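Q: Sharing a structure with you now.
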Amino acid sequence: MIRVFENCSLRERNSFGIEGRAARLLEFEHADELLKIFRGGGPGPWYVLGGGNNILFTGDYAGTLLHPAGRGIRVTAEAGDRVEVRAEAGTEWDELVAWAVREGLWGIENLSLIPGTVGAAPVQNIGAYGCEVKETIRSVEMCSTDTCNMVILNGEHCGFGYRESVFKHALRGRAVITAVTFSLSRTPRPRVDYGDLARETERLGGPTLRNIREAVCAIRRSKLPDPAAMGNAGSFFRNPTVDRSVAEELRARYPDMPVYPAEEEGKIKLAAGWMIDRAGMKGHIDGRVGVHDRQALVLVNRGGATGGEVLDLAREVQRAVRERFGVEIDMEVNIL
Ligand code: EPU
(Lines give C-alpha, C1' and ligand atoms only; values in the text may rest on other atoms or scores of the structure.)
Protein backbone atom coordinates (compact mmCIF):
# COMPACT_ATOMS: atom_id res chain seq x y z
CA MET A 1 0.00 0.00 0.00
CA ILE A 2 1.20 3.51 -0.82
CA ARG A 3 0.58 6.30 1.64
CA VAL A 4 1.10 9.91 0.67
CA PHE A 5 1.74 12.71 3.16
CA GLU A 6 1.73 16.29 1.88
CA ASN A 7 3.67 19.02 3.72
CA CYS A 8 4.91 16.34 6.08
CA SER A 9 6.59 17.14 9.41
CA LEU A 10 10.04 15.55 9.68
CA ARG A 11 10.59 15.95 13.40
CA GLU A 12 9.59 12.39 14.27
CA ARG A 13 11.35 11.04 11.20
CA ASN A 14 14.96 11.96 12.00
CA SER A 15 16.96 10.86 15.02
CA PHE A 16 18.36 14.38 15.47
CA GLY A 17 14.77 15.46 16.19
CA ILE A 18 15.18 18.45 13.88
CA GLU A 19 11.98 20.20 12.81
CA GLY A 20 11.47 20.56 9.08
CA ARG A 21 8.95 19.76 6.38
CA ALA A 22 8.96 17.74 3.20
CA ALA A 23 6.72 18.87 0.38
CA ARG A 24 5.69 15.22 0.02
CA LEU A 25 6.50 11.94 1.68
CA LEU A 26 5.55 8.69 0.04
CA GLU A 27 5.50 5.45 2.01
CA PHE A 28 5.54 2.28 -0.05
CA GLU A 29 5.48 -1.36 1.02
CA HIS A 30 6.17 -3.34 -2.14
CA ALA A 31 8.73 -3.02 -4.91
CA ASP A 32 6.01 -3.10 -7.59
CA GLU A 33 4.39 0.00 -6.06
CA LEU A 34 7.70 1.80 -6.41
CA LEU A 35 8.14 0.60 -10.00
CA LYS A 36 4.69 1.91 -10.83
CA ILE A 37 5.62 5.37 -9.53
CA PHE A 38 8.83 5.53 -11.57
CA ARG A 39 7.24 4.00 -14.68
CA GLY A 40 4.53 6.62 -14.42
CA GLY A 41 7.07 9.43 -14.83
CA GLY A 42 8.66 9.40 -11.38
CA PRO A 43 8.01 11.53 -8.32
CA GLY A 44 10.19 14.49 -9.40
CA PRO A 45 13.23 15.24 -7.19
CA TRP A 46 13.40 12.51 -4.55
CA TYR A 47 15.48 11.17 -1.71
CA VAL A 48 15.14 7.93 0.23
CA LEU A 49 14.41 8.39 3.91
CA GLY A 50 14.73 5.21 5.95
CA GLY A 51 14.73 5.49 9.72
CA GLY A 52 16.32 8.96 9.46
CA ASN A 53 19.23 7.93 11.66
CA ASN A 54 22.03 9.23 9.49
CA ILE A 55 20.61 12.45 8.16
CA LEU A 56 20.67 16.11 9.05
CA PHE A 57 17.88 18.29 7.68
CA THR A 58 19.15 21.84 7.29
CA GLY A 59 15.89 23.19 5.90
CA ASP A 60 12.62 22.08 4.35
CA TYR A 61 12.82 19.51 1.57
CA ALA A 62 11.05 20.66 -1.58
CA GLY A 63 10.90 17.25 -3.29
CA THR A 64 9.48 13.82 -2.41
CA LEU A 65 10.90 11.65 0.33
CA LEU A 66 10.50 7.94 -0.44
CA HIS A 67 10.09 5.83 2.67
CA PRO A 68 10.30 2.03 2.37
CA ALA A 69 7.72 0.69 4.81
CA GLY A 70 7.81 -3.03 3.90
CA ARG A 71 9.00 -5.16 6.81
CA GLY A 72 9.65 -8.86 7.23
CA ILE A 73 12.38 -11.45 7.65
CA ARG A 74 12.48 -14.92 6.12
CA VAL A 75 14.91 -17.74 5.42
CA THR A 76 15.32 -18.16 1.66
CA ALA A 77 17.94 -20.93 1.46
CA GLU A 78 20.00 -23.28 3.61
CA ALA A 79 23.12 -25.21 2.67
CA GLY A 80 25.53 -26.78 5.14
CA ASP A 81 25.95 -24.33 7.98
CA ARG A 82 25.03 -21.30 5.83
CA VAL A 83 21.58 -19.80 6.05
CA GLU A 84 20.34 -17.11 3.69
CA VAL A 85 18.03 -14.60 5.23
CA ARG A 86 16.09 -11.97 3.30
CA ALA A 87 14.83 -8.87 5.04
CA GLU A 88 12.65 -6.11 3.60
CA ALA A 89 14.21 -2.64 3.50
CA GLY A 90 11.83 -1.18 6.11
CA THR A 91 12.69 -3.78 8.77
CA GLU A 92 14.38 -2.28 11.83
CA TRP A 93 18.05 -3.29 11.70
CA ASP A 94 18.17 -4.34 15.34
CA GLU A 95 15.00 -6.40 14.94
CA LEU A 96 16.92 -8.46 12.36
CA VAL A 97 19.94 -8.82 14.67
CA ALA A 98 17.70 -9.90 17.58
CA TRP A 99 15.96 -12.42 15.30
CA ALA A 100 19.29 -13.88 14.06
CA VAL A 101 20.55 -14.25 17.64
CA ARG A 102 17.32 -16.02 18.66
CA GLU A 103 17.67 -18.35 15.67
CA GLY A 104 21.30 -19.17 16.52
CA LEU A 105 22.66 -17.51 13.36
CA TRP A 106 26.11 -15.88 13.49
CA GLY A 107 27.43 -12.92 11.53
CA ILE A 108 25.67 -9.71 12.57
CA GLU A 109 25.65 -9.93 16.40
CA ASN A 110 28.47 -7.34 16.72
CA LEU A 111 26.21 -4.90 14.90
CA SER A 112 23.58 -5.05 17.65
CA LEU A 113 21.63 -1.91 18.50
CA ILE A 114 22.81 0.11 15.50
CA PRO A 115 19.84 2.39 14.84
CA GLY A 116 18.32 2.36 11.38
CA THR A 117 16.66 0.13 8.85
CA VAL A 118 17.85 -2.87 6.85
CA GLY A 119 17.68 -0.84 3.62
CA ALA A 120 20.14 1.72 4.98
CA ALA A 121 22.66 -0.87 6.19
CA PRO A 122 24.40 -1.48 2.83
CA VAL A 123 24.43 2.20 1.86
CA GLN A 124 27.03 3.13 4.44
CA ASN A 125 28.21 -0.43 5.10
CA ILE A 126 27.38 -0.12 8.79
CA GLY A 127 30.11 -1.35 11.09
CA ALA A 128 31.00 -1.69 14.74
CA TYR A 129 33.20 -3.74 17.08
CA GLY A 130 35.44 -5.13 14.38
CA CYS A 131 32.67 -6.17 11.95
CA GLU A 132 31.08 -4.62 8.90
CA VAL A 133 27.79 -5.60 7.34
CA LYS A 134 29.49 -6.21 3.95
CA GLU A 135 30.88 -9.49 5.33
CA THR A 136 27.37 -10.94 5.45
CA ILE A 137 25.61 -9.29 2.50
CA ARG A 138 24.83 -11.80 -0.23
CA SER A 139 22.78 -9.48 -2.41
CA VAL A 140 20.84 -6.25 -2.50
CA GLU A 141 17.51 -5.85 -4.31
CA MET A 142 16.92 -2.41 -5.73
CA CYS A 143 14.74 -0.51 -8.09
CA SER A 144 16.91 1.08 -10.77
CA THR A 145 15.29 4.43 -11.36
CA ASP A 146 17.09 4.74 -14.74
CA THR A 147 15.55 1.62 -16.25
CA CYS A 148 12.50 1.35 -13.95
CA ASN A 149 13.31 -2.31 -13.35
CA MET A 150 14.27 -4.35 -10.34
CA VAL A 151 17.94 -5.28 -10.16
CA ILE A 152 19.67 -7.72 -7.82
CA LEU A 153 23.24 -6.70 -7.06
CA ASN A 154 25.57 -9.29 -5.56
CA GLY A 155 27.56 -8.23 -2.51
CA GLU A 156 30.83 -8.25 -4.48
CA HIS A 157 29.42 -5.63 -6.83
CA CYS A 158 28.34 -3.20 -4.12
CA GLY A 159 31.72 -1.41 -3.90
CA PHE A 160 31.84 -1.80 -0.14
CA GLY A 161 34.54 -0.01 1.85
CA TYR A 162 34.75 1.64 5.25
CA ARG A 163 31.38 3.44 5.48
CA GLU A 164 31.28 3.30 1.69
CA SER A 165 29.33 1.63 -1.09
CA VAL A 166 28.31 2.08 -4.71
CA PHE A 167 24.99 3.43 -3.41
CA LYS A 168 26.80 6.56 -2.20
CA HIS A 169 28.56 7.05 -5.53
CA ALA A 170 27.71 5.58 -8.97
CA LEU A 171 24.18 4.61 -7.85
CA ARG A 172 23.50 7.71 -5.80
CA GLY A 173 20.09 9.05 -6.78
CA ARG A 174 19.61 6.14 -9.20
CA ALA A 175 18.57 3.25 -6.96
CA VAL A 176 16.07 2.56 -4.20
CA ILE A 177 16.94 -0.48 -2.08
CA THR A 178 13.92 -2.67 -1.36
CA ALA A 179 15.40 -5.77 0.34
CA VAL A 180 18.72 -7.29 1.41
CA THR A 181 19.73 -10.95 1.60
CA PHE A 182 22.31 -11.97 4.19
CA SER A 183 24.41 -15.09 4.45
CA LEU A 184 24.63 -16.13 8.12
CA SER A 185 26.29 -19.10 9.76
CA ARG A 186 25.14 -21.80 12.16
CA THR A 187 28.76 -22.41 13.17
CA PRO A 188 29.88 -20.18 16.04
CA ARG A 189 32.26 -17.46 14.86
CA PRO A 190 32.79 -15.18 17.85
CA ARG A 191 34.60 -11.90 17.10
CA VAL A 192 35.41 -10.22 20.37
CA ASP A 193 38.89 -8.81 19.79
CA TYR A 194 37.72 -5.16 19.58
CA GLY A 195 38.23 -2.85 22.57
CA ASP A 196 36.22 -3.73 25.66
CA LEU A 197 34.17 -6.43 23.97
CA ALA A 198 36.21 -9.46 25.14
CA ARG A 199 36.14 -8.28 28.76
CA GLU A 200 32.44 -7.48 28.71
CA THR A 201 31.62 -10.84 27.05
CA GLU A 202 33.71 -12.77 29.60
CA ARG A 203 31.95 -10.96 32.41
CA LEU A 204 28.66 -12.28 31.05
CA GLY A 205 29.96 -15.86 30.94
CA GLY A 206 31.78 -16.30 27.60
CA PRO A 207 31.35 -15.61 23.88
CA THR A 208 27.92 -17.09 23.15
CA LEU A 209 25.74 -15.36 20.56
CA ARG A 210 23.46 -13.95 23.27
CA ASN A 211 26.34 -12.74 25.42
CA ILE A 212 28.03 -10.97 22.53
CA ARG A 213 24.80 -9.20 21.69
CA GLU A 214 24.25 -8.27 25.30
CA ALA A 215 27.86 -7.05 25.66
CA VAL A 216 27.66 -4.89 22.52
CA CYS A 217 24.33 -3.44 23.69
CA ALA A 218 25.79 -2.65 27.12
CA ILE A 219 28.88 -0.94 25.66
CA ARG A 220 26.82 1.07 23.18
CA ARG A 221 24.34 2.16 25.87
CA SER A 222 27.19 3.30 28.12
CA LYS A 223 28.84 5.46 25.41
CA LEU A 224 26.24 6.56 22.92
CA PRO A 225 23.33 8.85 23.72
CA ASP A 226 19.83 7.44 23.19
CA PRO A 227 18.26 9.48 20.35
CA ALA A 228 14.90 9.26 22.15
CA ALA A 229 16.43 11.19 25.05
CA MET A 230 18.84 13.45 23.12
CA GLY A 231 18.74 13.90 19.35
CA ASN A 232 21.83 12.59 17.52
CA ALA A 233 22.86 10.56 14.49
CA GLY A 234 25.60 8.36 15.96
CA SER A 235 29.08 9.10 14.65
CA PHE A 236 28.81 12.44 12.87
CA PHE A 237 32.31 12.08 11.40
CA ARG A 238 34.22 9.28 9.72
CA ASN A 239 37.58 8.12 10.91
CA PRO A 240 40.01 9.68 8.42
CA THR A 241 42.50 7.75 6.33
CA VAL A 242 45.92 9.35 5.91
CA ASP A 243 49.27 8.45 4.30
CA ARG A 244 51.50 6.31 6.48
CA SER A 245 54.09 9.14 6.63
CA VAL A 246 51.48 11.57 8.02
CA ALA A 247 50.45 9.02 10.67
CA GLU A 248 54.09 8.45 11.64
CA GLU A 249 54.69 12.16 12.03
CA LEU A 250 51.60 12.50 14.21
CA ARG A 251 52.59 9.47 16.30
CA ALA A 252 55.96 11.08 16.95
CA ARG A 253 54.14 14.12 18.34
CA TYR A 254 51.35 12.18 20.07
CA PRO A 255 52.65 8.71 21.04
CA ASP A 256 49.29 7.64 22.54
CA MET A 257 47.33 8.45 19.36
CA PRO A 258 45.31 5.38 18.23
CA VAL A 259 46.07 4.19 14.69
CA TYR A 260 44.42 1.37 12.73
CA PRO A 261 45.29 -0.40 9.50
CA ALA A 262 43.34 0.97 6.54
CA GLU A 263 41.97 -0.99 3.57
CA GLU A 264 44.25 0.86 1.14
CA GLU A 265 47.92 0.00 0.85
CA GLY A 266 50.22 2.57 2.49
CA LYS A 267 47.37 4.24 4.38
CA ILE A 268 46.52 4.43 8.06
CA LYS A 269 43.14 5.09 9.70
CA LEU A 270 43.06 7.58 12.58
CA ALA A 271 40.45 7.90 15.34
CA ALA A 272 38.41 11.06 14.72
CA GLY A 273 36.86 10.75 18.19
CA TRP A 274 40.28 10.81 19.82
CA MET A 275 41.37 13.85 17.79
CA ILE A 276 38.17 15.79 18.56
CA ASP A 277 38.65 14.91 22.21
CA ARG A 278 42.32 16.02 22.19
CA ALA A 279 41.44 19.18 20.30
CA GLY A 280 39.41 20.06 23.40
CA MET A 281 35.98 19.76 21.79
CA LYS A 282 34.55 16.80 23.71
CA GLY A 283 31.63 18.01 25.80
CA HIS A 284 31.77 21.42 24.07
CA ILE A 285 28.38 23.15 24.20
CA ASP A 286 27.19 25.87 21.87
CA GLY A 287 23.63 26.90 22.73
CA ARG A 288 21.22 24.19 21.67
CA VAL A 289 23.90 21.88 20.20
CA GLY A 290 26.92 20.14 21.60
CA VAL A 291 29.63 17.51 21.25
CA HIS A 292 28.63 14.49 23.35
CA ASP A 293 30.57 14.27 26.61
CA ARG A 294 31.13 10.50 26.46
CA GLN A 295 31.85 10.06 22.74
CA ALA A 296 33.32 12.99 20.84
CA LEU A 297 32.26 11.60 17.45
CA VAL A 298 28.63 12.30 18.28
CA LEU A 299 26.98 15.71 17.94
CA VAL A 300 23.79 16.23 19.91
CA ASN A 301 20.67 18.33 19.69
CA ARG A 302 20.25 19.54 23.26
CA GLY A 303 16.67 20.56 22.48
CA GLY A 304 15.05 22.60 19.74
CA ALA A 305 18.18 22.99 17.60
CA THR A 306 18.03 23.64 13.87
CA GLY A 307 20.02 21.64 11.32
CA GLY A 308 22.01 24.79 10.57
CA GLU A 309 23.15 25.01 14.20
CA VAL A 310 24.35 21.38 14.09
CA LEU A 311 26.15 22.03 10.81
CA ASP A 312 27.88 25.12 12.22
CA LEU A 313 29.12 23.07 15.17
CA ALA A 314 30.29 20.29 12.83
CA ARG A 315 32.36 22.85 10.89
CA GLU A 316 33.80 24.20 14.14
CA VAL A 317 34.82 20.67 15.16
CA GLN A 318 36.42 20.11 11.75
CA ARG A 319 38.31 23.38 12.12
CA ALA A 320 39.57 22.49 15.62
CA VAL A 321 40.91 19.13 14.38
CA ARG A 322 42.47 20.74 11.29
CA GLU A 323 44.22 23.39 13.39
CA ARG A 324 45.53 20.93 15.98
CA PHE A 325 46.43 17.94 13.78
CA GLY A 326 46.40 19.20 10.18
CA VAL A 327 43.92 16.43 9.35
CA GLU A 328 40.54 16.78 7.59
CA ILE A 329 37.68 14.81 9.10
CA ASP A 330 34.72 14.22 6.78
CA MET A 331 31.11 14.19 7.85
CA GLU A 332 29.51 10.78 7.82
CA VAL A 333 25.97 12.02 8.19
CA ASN A 334 24.05 12.94 5.03
CA ILE A 335 23.24 16.63 4.90
CA LEU A 336 19.98 17.50 3.18
N1 EPU B 1 38.29 8.13 21.74
C2 EPU B 1 38.63 9.16 22.60
N3 EPU B 1 37.67 10.07 22.93
C4 EPU B 1 36.41 10.01 22.45
C5 EPU B 1 36.07 8.97 21.55
C6 EPU B 1 37.03 8.04 21.22
O7 EPU B 1 39.76 9.26 23.06
O8 EPU B 1 35.60 10.86 22.80
C9 EPU B 1 39.30 7.14 21.40
C10 EPU B 1 38.95 5.80 22.01
O11 EPU B 1 39.44 5.66 23.31
C12 EPU B 1 39.60 4.84 21.05
C13 EPU B 1 39.49 5.54 19.71
O14 EPU B 1 39.30 6.92 20.01
O15 EPU B 1 40.97 4.69 21.35
C16 EPU B 1 38.36 5.01 18.88
O17 EPU B 1 37.14 5.16 19.55
P18 EPU B 1 36.00 4.01 19.60
O19 EPU B 1 36.59 2.71 19.91
O20 EPU B 1 34.91 4.53 20.47
O21 EPU B 1 35.51 3.83 18.13
P22 EPU B 1 35.29 4.91 17.06
O23 EPU B 1 36.33 4.83 16.02
O24 EPU B 1 35.19 6.20 17.77
C25 EPU B 1 33.67 3.49 15.57
C26 EPU B 1 32.42 3.72 14.78
C27 EPU B 1 31.19 3.60 15.68
C28 EPU B 1 31.19 2.25 16.33
C29 EPU B 1 32.48 2.12 17.14
C30 EPU B 1 32.63 0.78 17.83
C31 EPU B 1 33.12 5.26 13.05
C32 EPU B 1 33.05 6.65 12.54
N33 EPU B 1 32.47 5.04 14.18
O34 EPU B 1 33.83 4.55 16.48
O35 EPU B 1 30.05 3.72 14.83
O36 EPU B 1 30.07 2.08 17.19
O37 EPU B 1 33.60 2.26 16.25
O38 EPU B 1 32.99 -0.17 16.92
O39 EPU B 1 33.73 4.40 12.41
C40 EPU B 1 28.31 5.11 13.99
O41 EPU B 1 28.76 4.90 12.87
O42 EPU B 1 27.30 5.83 14.17
C43 EPU B 1 28.98 4.55 15.16
C44 EPU B 1 28.60 4.84 16.39
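The values are calculated or read from the model by the stated rules, or taken from the named source; none is laboratory data. This one's a predicted model, so the numbers in the text were calculated from it and none came from an experiment. Positions of Cβ are backbone-derived with ideal geometry, glycine not excepted, and every protein chain shown enters the neighbour counts.
Q: Confirm whether Ala271 is surrounded by 19 or more Cβ atoms within 10 Å (Cβ to Cβ), in contact (Cβ under 8 Å) with a residue 12 or more places away in the chain and within 14 Å of the ligand (Cβ to nearest atom).
A: Working: surrounded by 19 or more Cβ atoms within 10 Å (Cβ to Cβ): no; in contact (Cβ under 8 Å) with a residue 12 or more places away in the chain: yes; within 14 Å of the ligand (Cβ to nearest atom): yes.
It is false that Ala271 is surrounded by 19 or more Cβ atoms within 10 Å (Cβ to Cβ), in contact (Cβ under 8 Å) with a residue 12 or more places away in the chain and within 14 Å of the ligand (Cβ to nearest atom).
Q: Here is a further query. Within segment 292-336, track down each residue that is more than 24 Å from Glu248 (Cα to Cα) and in a helix (DSSP H, G or I).
A: Selection gives Gly307, Gly308, Glu309, Val310, Leu311, Asp312, Leu313, Ala314, Arg315, Glu316.
Q: Given the criterion touching a helix residue (DSSP H, G or I) at 6+ places or on another chain (Cβ under 9 Å) and modelled with pLDDT of 95 or more, identify the matching residue among Gly80, Gly72, Gly130, Gly104.
A: Answer to the selection: Gly104.
Q: Restricting segment 108-165 to residues that are among the charged types (D, E, K, R) and away from the ligand (no atom under 11 Å from the Cβ), which is nearest to Ala98 (Cα to Cα)?
A: Just the residues of segment 108-165 that are among the charged types (D, E, K, R), to begin with: 109, 132, 134-135, 138, 141, 146, 156, 163-164.
Those still in the list that are away from the ligand (no atom under 11 Å from the Cβ) too: 109, 134-135, 138, 141, 146, 156, 164.
Numbers: Glu109: 8, Lys134: 18, Glu135: 18, Arg138: 19, Glu141: 22, Asp146: 35, Glu156: 26, Glu164: 25 Å.
Taking the candidates together, the pick is Glu109.
Q: Any idea which residue in segment 121-138 is farthest from Arg210 (Cα to Cα), counting only those that are in a loop (DSSP other than H, G, I, E, B) and among the aliphatic types (A, V, I, L, M)?
A: Step one: of segment 121-138, the residues in a loop (DSSP other than H, G, I, E, B) are 121-126, 129-130, 136.
Of the ones still in play, those that are also among the aliphatic types (A, V, I, L, M) are 121, 123, 126.
Details: Ala121: 22, Val123: 27, Ile126: 20 Å.
This residue is Val123.
Q: Mind counting the residues in segment 190-214 that are part of a helix (DSSP H, G or I) and within 12 Å of the ligand (Cβ to nearest atom)? Talk me through it step by step, then tell me what you get.
A: Step one: filter segment 190-214 for residues part of a helix (DSSP H, G or I), giving 197-203, 209-214.
Next cut, within 12 Å of the ligand (Cβ to nearest atom) only: 197.
Matching residues across segment 190-214 total 1.
Q: OK, next. Can you name the residue in segment 73-92 that is touching a residue at least 60 places away in the same chain (Cβ under 8 Å) and small (Gly, Ala, Ser) and is also farthest from Thr181 (Cα to Cα) among such residues? Explain how you work it out, then say what you get.
A: So in segment 73-92, the residues touching a residue at least 60 places away in the same chain (Cβ under 8 Å) come out as 76, 81-90.
Applying the additional criterion that residues be small (Gly, Ala, Ser) yields 87, 89-90.
Values: Ala87: 6, Ala89: 10, Gly90: 13 Å.
Within segment 73-92, the match that is farthest from Thr181 (Cα to Cα) is Gly90.
Q: Here are some residues: Gly130, Gly116. Which one is among the small types (Gly, Ala, Ser), in the same structural domain as Arg82 (by TED's automatic domain parsing), touching a residue at least 24 places away in the same chain (Cβ under 8 Å) and closer than 22 Å to Ala31 by Cβ?
A: Values: Gly130 fails: closer than 22 Å to Ala31 by Cβ.
Testing whether each residue is among the small types (Gly, Ala, Ser), in the same structural domain as Arg82 (by TED's automatic domain parsing), touching a residue at least 24 places away in the same chain (Cβ under 8 Å) and closer than 22 Å to Ala31 by Cβ leaves just Gly116.
So that you can scan it fast, the table gives a plain yes or no per residue for (1) aliphatic (A, V, I, L, M); (2) out of contact with any Lys or Arg (no Cβ under 6 Å at 6 or more places or on another chain); (3) in a strand (DSSP E or B); (4) more than 30 Å from Ser222 (Cβ to Cβ):
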| site | (1), (2), (3), (4) |
| --- | --- |
| Leu66 | yes, yes, yes, yes |
| Asp94 | no, yes, no, no |
| Gly119 | no, yes, no, no |
| Val140 | yes, yes, yes, yes |
| Asp146 | no, no, no, yes |
| Leu153 | yes, yes, yes, yes |
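Q: Hey, another quick one. What residue, of Arg244, Arg210, Arg220, Arg203, is under 30 Å from Glu265 (Cα atoms) and either surrounded by fewer than 19 Cβ atoms within 10 Å (Cβ to Cβ) or not acidic (Asp, Glu) (or both)?
A: Details: Arg210 fails: under 30 Å from Glu265 (Cα atoms); Arg220 fails: under 30 Å from Glu265 (Cα atoms); Arg203 fails: under 30 Å from Glu265 (Cα atoms).
Testing whether each residue is under 30 Å from Glu265 (Cα atoms) and either surrounded by fewer than 19 Cβ atoms within 10 Å (Cβ to Cβ) or not acidic (Asp, Glu) (or both) leaves just Arg244.
Q: Another one. Look at segment 65-84 and say how many of its residues are more than 20 Å from the chain's Cα centre (by Cα) and crowded, with 22+ Cβ neighbours inside 10 Å.
A: Result for segment 65-84: 0.
Q: Still on this structure, I have one more. Residue by residue through segment 286-298, note down the ones that are within 20 Å of Ile329 (Cβ to Cβ) and either surrounded by fewer than 19 Cβ atoms within 10 Å (Cβ to Cβ) or more than 11 Å from the ligand (Cβ to nearest atom) (or both). So that I can check it myself, show each step before the final result.
A: Kept after step one, since they are within 20 Å of Ile329 (Cβ to Cβ), are these residues of segment 286-298: 286, 289-298.
Matches in segment 286-298: Asp286, Val289, Gly290, Asp293, Arg294.
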